[in-house]
Amino acid sequence: MEVSVNFDIDCLRSFLVVADTMSFSRPAERVGRSQSTISQQIAKLEAQIGRSLLARRKGRVLELTSEGGKLVLYARRILQLNDEAYASMSDDVLTGFVRLGVPLDFFGRDFTTWLARFKSSHPMVGLEVEANQSENLMKRSARGEFDLAFFKQETGARNGTVALREQLVWASGPNYVPDPQDSVPLILFPEGCAYRRCAVVALKDHKRPWRLSFVSPSFELLRSAAVEGMGITVLARALVVPPLRIVKHGQRLPQLPTIELVYSQGRRNNSRVVSELANYLADSLTGAAPARRDFNPPSSA
């Protein structure tokens, strides 16, 4: 007769966080348990299967073993079914499908982490996410192509519900040295981006010559171009984290305006799932912004 082994759901949940972070300290913070408790949970799983799940050295997690990699796949399925089963027992379970549009720079924030947490809390909700320029998002939202869209606008434009107002700043890599005799080499998102529009208008009003140095819809590529010294970019202050630095405005660079990050709900604006997601993301934005600011002193332009 085969002996059945019942995995502990809490142990599996802790194991997945360790596998995702390759750490014992971060999982302890995330699941609200001590590092020693996390270690005991992993040891319990290893005792149950009779194999090591993690390769360790001096207490540090180096990688998953082959057995650990297998268990990760099953653990995700088990936890998903567990959470869905629990949610289905509740009369207040949140269900539905949301077409979500977000600006390209959302991926410079903790956006994917926020979405993962929302999905973990509401496993019966389906999401389809598209990143695009703010101008496109605003127009398509007005046509009802999104259930929920976040986009940037000039302060006071009144095209949506304001979630956050941010100061725009010039930003560059650590080794960028501006040439006062040369035109400003700009690193920008494509046409339709509010950051790009504000930068170009400010330079024109200041009668400062400029040229495009690098254009990309990818926040990571834009950031890399700035870090490598290909030019100067414009971002919300909260997005300027090392090795990027704020370049102080002055005689050679004009001051930039504030900008509003707003959201607009589509034709199903009375949908509970859309409202819940809108409020959750708006709260995440306002909660995350202060912690990301002023990491480094500005340099002079």
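The values are calculated or read from the model by the stated rules, or taken from the named source; none is laboratory data. Every value quoted in this text rests on a predicted model; they were computed, and no experiment measured them. Methodologically, a virtual Cβ is constructed for each residue, glycine included, from the backbone with ideal geometry; neighbour enumeration extends over all protein chains shown. Areas reflect the complete protein model, heavy atoms only, side chains present, ligands, DNA and RNA absent. Shrake-Rupley method; radii C 1.70, N 1.55, O 1.52, S 1.80 Å.
Numerical summary
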| quantity | calculated |
| --- | --- |
| Selection of GluC sites (Glu not before Pro), segment 187-255, meeting DSSP coil and at most 15 other Cβ within 10 Å | 191, 228 |
| Nitroxide proxy distance, nm - points 7 Å out along Cα→Cβ at residue 63 and residue 211 | 4.6 |
| Residue-count net charge about residue 172 - beta-carbon cut-off 13 Å; Lys, Arg +1, Asp, Glu -1 | +2 |
| Debye log10 I(q)/I(0) for segment 120-174, one point scatterer per Cα, at q = 0.14, 0.21 Å⁻¹ | -0.55, -0.92 |
| Global size of segment 1-141 as Cα Rg and Dmax, reported in angstrom | 18.7, 65 |
| Additional length obtainable on full extension of the chain from residue 275 to residue 6, 0.36 nm per residue less Cα span | 93.0 nm |
| Those lysines that a straight Cα-Cα span of less than 22 Å connects to residue 70, excepting residues fewer than 8 apart in one chain | 44 |
| Rotationally averaged projected area of the chain (alpha carbon convex hull; nm²) | 19.7 |
| Sequence-distant aspartates and glutamates (8 or more away, or on other chains) whose Cα lies within less than 18 Å of residue 204 | 154, 179, 182, 191 |
| Protein accessible area in the chain, 1.4 Å probe - carbon and sulfur % | 49 |
